[in-house]
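Working notes, structure below.
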Amino acid sequence: MFQDVSIVQQAGVAVLAAATVVWAVGLVRVLRRERPDAVARRQVPGLRALPGQQGPPRAETVELTADERAAFAGLVRQFGRRRS
């Protein structure tokens, strides 16, 4: 406790700090409640789990020409230099 500050002043600071925290929590809750996506989410009764997505049975492949492979290798080297 501070020697130069009365107990009433210290209690006042504590009450103001608590009121500030309560106000901030209330403000955040109101702002979250008023978001458009929150309103839409409340109107949906309940979403069921989506079934697992399945891809094609086998992947499609395309053979590249030598020029295309060289161009792709050049791009990979170019992007690799930018990361460093």
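The values are calculated or read from the model by the stated rules, or taken from the named source; none is laboratory data. If you're wondering where the values come from, they're calculated on a predicted model, not measured in any experiment. Don't worry about glycine lacking a Cβ; one is built from the backbone with ideal geometry, like all the others, and counts go over all protein chains shown.
Could you please let me know if T20 is exposed (fewer than 10 other Cβ atoms within 10 Å of the Cβ), modelled with pLDDT of 70 or more and of a type in the set (S, T, N, Q)?
no
Considering only residues that are part of a helix (DSSP H, G or I) and exposed (fewer than 10 other Cβ atoms within 10 Å of the Cβ), which ones fall in the stretch 1-13?
Quick first cut of the stretch 1-13, residues part of a helix (DSSP H, G or I) only: 7-13.
Within the stretch 1-13, I7, V8 meet the criteria.
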